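Encoded as structure tokens, the structure appears first; notes follow it.
The values are calculated or read from the model by the stated rules, or taken from the named source; none is laboratory data. Predicted model only: the values in this text are computed from it and were never measured. So basically every Cβ, Gly included, is an ideal-geometry build from the backbone, and we count neighbours across all protein chains shown. To get the accessible areas, we keep the full protein, side chains included, count just its heavy atoms, and leave off ligands, DNA and RNA. Shrake-Rupley method; radii C 1.70, N 1.55, O 1.52, S 1.80 Å.
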Amino acid sequence: KINVRLFLDDFEDALQVASGNDRLDIMDASRATYLKEEMGKYIIKHFVISLSGKPIELIPKGFSYDDLVLWFELESTFNAPLQALTIENSLLLELFDTQKNIVHLKGIGKTKSFRFSKKKKIEQVILK
């Protein structure tokens, strides 16, 4: 299970640019299915986990939000033992030059954290 947390206003700006729809409103509950689809497309394009150079399929499961933050949940059916993986995280980097993204890997022993930016979008992770 993968949880992505983004500030609502920043993510809405990114979705508007990506979809070409400057009237897109993340808070519009009447368009929840459309929004989940658009959010999923954006996140899957900008957040990729690969094994041996092959992307793992990430399946959008849903989203929730509070006053400032959006949580988006992804799942993968991949369940083989992991020794190494590659994470590519370019969420919001096309909009904000100083954007920083943090990824925490849990459930692999000690939690490992990685920082991504416009200069560093890819991280090779060894899990031995």
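Assorted remarks:
- Taken about its Cα centre, region 63-128 carries a charge dipole of roughly 560 debye when the Cβ of each Lys and Arg holds +1 and the Cβ of each Asp and Glu holds -1.
- Helix 8-19 and the long axis of the chain differ in direction by around 90°, with both axes built from C-alpha atoms.
- Straightening the chain between residue 61 and residue 79 buys 4.7 nm, computed as 0.36 nm per residue apart minus the Cα-Cα spacing.
- Positive-end residue of 27, 59, 85, charge dipole of the chain with Cβ unit charges: 85
- Net dipole in debye of the chain [+1 Lys, Arg Cβ; -1 Asp, Glu Cβ; about Cα centre; nearest 20]: 940 debye
- In sequence order, calculated HN-Hα J values of region 46-53 (Karplus, 6.51, -1.76, 1.60; Hz; x Gly/Pro): 9, 9, 10, 10, 10, 10, 6, x
- Residues residue 30 and residue 50, FRET efficiency given R0 of 25 Å [Cβ-Cβ distance, rounded to 0.05]: 0.10
- Mean projected area (nm²) of the alpha-carbon convex hull when the chain is viewed from all directions: 8.3 nm²
- Solvent-accessible surface (1.4 angstrom probe) belonging to residue 65, in square angstrom, nearest 10: 90 Å²
- Helical runs (DSSP H, four residues minimum) scored at -39500 (n - 2.57) apiece and divided by the length of the chain put the mean residue ellipticity at 222 nm at -6500 deg cm²/dmol.
- Pairs of Lys residues in region 20-128, spaced 8 or more positions apart or belonging to different chains, with C-alpha separations under 19 angstrom: 23 in total.
- Residue 33 accessible area, 1.4 Å probe, all protein chains in place, Å² to nearest 10: 110 Å²
- Alpha carbon centroid spacing (whole Å) that separates region 101-120 from region 19-68: 20 Å
- Restricting region 38-96 to GluC sites (Glu not before Pro) in coil, as DSSP defines it, with at most 15 other Cβ within 10 Å: 57, 94
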